[in-house]
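**Q** First, the structure itself, so that you have it in front of you.
The values are calculated or read from the model by the stated rules, or taken from the named source; none is laboratory data. The model shown is predicted, which means the values in this text are computed figures rather than measured ones. Note: ideal-geometry Cβ built from the backbone for every residue, glycine included; neighbour counts use all protein chains shown. Only protein heavy atoms, including side chains, enter the accessible area calculation; ligands, DNA and RNA are left aside. Shrake-Rupley method; radii C 1.70, N 1.55, O 1.52, S 1.80 Å.
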Amino acid sequence: MSAKRDRLENASPLRRILQNTAWLLGGKGFGAVCGLAYLAILTRTLGLKDFGHFSLIFGTAQALIAIAGFQTWRVVVRYGSEHVHAEDWGKFGRLGMLCGMLDAVGAVIGCGLAAILIYGFSGVLELNPAYIDIAFYFACGSLWALVSAPTGIVRALHRFDMAVYVEAVVPTGRLIAALTIWATGPSVGRFLFAWAAIDVLEAILYWAMARRLCPQAVRLSNLAKWRQAFAENEGVGHFFMVTYAGATIEATMKNGPLLAVGAFVGTRAAGLYRLASQLSQALSKLSTLLTRSVYAEVARARVSTEFAEFRKLALQTSLIAGAAGLVVVVIALLIGRQLLELIAGPDFEQGAAILVPLAIAASFDLASVAFEPVLHSTGRARLSLVARLFAVAGLAVGFYLFISIGPAGAAWAVALGGAISYLAMGLMSWRTLQKLRRHEIELVDKPET
């Protein structure tokens, strides 16, 4: 571990981001291939109607995760990076286990919300009554499979290479399960059971890996020291609440449109929307990977480098991500319809009208990849929350204006929300960097007394 950390210390921040992203991209590239394969099996074996049911159940679980999942990995990276830099493993461990305890609390809350939402409002989503119990158990399994805290521990330690191996379990397991279910008799319930079991396995492996990488920190004894963890990390409670609210809003924007399409348009339309959304996410996978790498590196740079290097890092990553976003849109425009037909068959090719605006929305997410880490690492997390509230307002207006078009209208509403989020968060990040620059100049010019 020490040799690996020495190599990382000697690399430039941008190089570390690219190295970490390359590791993730290797794993996610493999995962994307597996994902497209099992997505093809799902759509072709279940058909448009049952795939719509699968999509709504899956989307409901993701929405519950967004509400009850506290995104504690951001807390571990934001505050833990300083502890790792100082090699204070006691503080790092107490912080990590505090976040693990919060994940468990979120899972309990989420299961309660799942009972209310699924049993109380399944009719709104037009769920088949035969799938209601299955949907509840799937949601509970997904909630307990959250790996936010150990993910943050691994990222704070900058061991993205190790994370690749664990995260490969999900696409590999899903592909094997999909092939097995296809051969033995496909059904919505069997696919959902397999997906939940594989997610739980990944969670167990992630905690085991975090323990192996930093045994002096990942200890059960630290669970009882949660009050000390709060005292040692000034402002952690406020940061946690702000980032939780922001992440919830972000996830609502990603999963809410699918549920809205199911409620206002129908199950088949939800299936089309889900497939287009999956493909747009596959095309923009670099956004997720860069976010993971950039967030960890920006937090690190803020405590270990000068402002000029910090500002340079933010600008470089924004330019790289912006160029990648343009590529995503071009691919969707040129071959989106062909990709949908290749994966799912001719019944799904009409999803091309949904794919293009979703790709545009994904490109905005990709281009803004450095904005939120800059705001979080400089103690301005509340500004990212304000930007997301603007985006939600834009999404709501877009739904009001475009939902009559159908699922494509919902996709254009998402694109509008993405554009507003990009502009608002970009402006706030730029102003933050300008204020920090002026502050540094004032410190340099201040005469010594």
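**Q** With the requirement that a residue be surrounded by 19 or more Cβ atoms within 10 Å (Cβ to Cβ), without any contact (Cβ under 8 Å) to a residue 60 or more places away in the chain and among the hydrophobic types (A, V, I, L, M, F, W, C), what does the range 386-427 give you?
**A** Passing the criteria: 387, 402, 408, 412, 415, 416, 420, 424, 425.
**Q** Same structure again: Consider residue 78 against the criteria (1) in contact with a Phe, Trp or Tyr (Cβ under 8 Å, 6 or more places away or on another chain); (2) within 27 Å of residue 111 (Cα to Cα): it satisfies all of them except one. Which criterion is unmet?
**A** Answer for residue 78: the failing condition is (2).
**Q** Also, quick follow-up: How about the range 114-176: which helices (runs of 4 or more DSSP H) wholly inside it have at least 3 residues that are under 19 Å from residue 55 (Cα atoms) and more than 16 Å from the chain's Cα centre (by Cα)?
**A** 132-144
**Q** Among the residues of the range 289-309, is there at least one that is open to solvent by 50 Å² or more (accessible area, probe 1.4 Å), within 30 Å of residue 433 (Cα to Cα), modelled with pLDDT of 80 or more and not small (Gly, Ala, Ser)?
**A** Scanning the range 289-309, I find no residue that is open to solvent by 50 Å² or more (accessible area, probe 1.4 Å), within 30 Å of residue 433 (Cα to Cα), modelled with pLDDT of 80 or more and not small (Gly, Ala, Ser), so the answer is no.
**Q** Could we say that residue 81 is within 22 Å of residue 407 (Cβ to Cβ) and of a type in the set (S, T, N, Q) here?
**A** No; evaluated as a whole, the condition is false for this residue.
**Q** Scan the range 198-210 and give yes if some residue there is under 30 Å from residue 420 (Cα atoms), touching a residue at least 24 places away in the same chain (Cβ under 8 Å), open to solvent by less than 80 Å² (accessible area, probe 1.4 Å) and not charged (D, E, K, R), otherwise no.
**A** Checked the range 198-210: no residue is under 30 Å from residue 420 (Cα atoms), touching a residue at least 24 places away in the same chain (Cβ under 8 Å), open to solvent by less than 80 Å² (accessible area, probe 1.4 Å) and not charged (D, E, K, R).
**Q** Could you identify the single residue in 421, 318, 404 that is at pLDDT 80 or above, among the hydroxyl-bearing types (Ser, Thr, Tyr) and under 19 Å from the mean Cα position of the chain (by Cα)?
**A** Result: 421 is the single residue among 421, 318, 404 that is at pLDDT 80 or above, among the hydroxyl-bearing types (Ser, Thr, Tyr) and under 19 Å from the mean Cα position of the chain (by Cα).
**Q** Cβ-Cβ below 7 Å, separation at least six or inter-chain, first residue in the range 346-367 and over 14 Å from residue 275 (Cα atoms), second hydrophobic (A, V, I, L, M, F, W, C) and open to solvent by 10 Å² or more (accessible area, probe 1.4 Å): which pairs?
**A** Sorted first by the residue in the range 346-367, then by its partner, the pairs are 360/329; 361/414; 362/283; 363/326; 363/329; 364/419; 366/286; 366/324.
**Q** So, one more: Looking at this structure, is residue 372 buried (at least 24 other Cβ atoms within 10 Å of the Cβ) and among the charged types (D, E, K, R)?
**A** Yes; evaluated as a whole, the condition is true for this residue.
**Q** Shifting gears a bit: Select from the range 257-271 the residues that are open to solvent by 30 Å² or more (accessible area, probe 1.4 Å) and part of a helix (DSSP H, G or I) and list them in ascending order.
**A** Passing the criteria: 259, 263, 264, 268.
**Q** To continue, here is another question. Residue under question is residue 172, and the condition is that it be closer than 28 Å to residue 57 by Cα, surrounded by fewer than 17 Cβ atoms within 10 Å (Cβ to Cβ), in contact (Cβ under 8 Å) with a residue 40 or more places away in the chain and of a type outside the set (A, V, I, L, M, F, W, C); does it hold?
**A** Spelling it out, residue 172 is indeed closer than 28 Å to residue 57 by Cα, surrounded by fewer than 17 Cβ atoms within 10 Å (Cβ to Cβ), in contact (Cβ under 8 Å) with a residue 40 or more places away in the chain and of a type outside the set (A, V, I, L, M, F, W, C).
**Q** Could I ask something else about it? Identify the residue in the range 40-99 that is among the polar types (S, T, N, Q) and in a helix (DSSP H, G or I) and, among all such residues, is surrounded by the fewest Cβ atoms within 10 Å (Cβ to Cβ).
**A** Per the stated criteria, the residue is 45.
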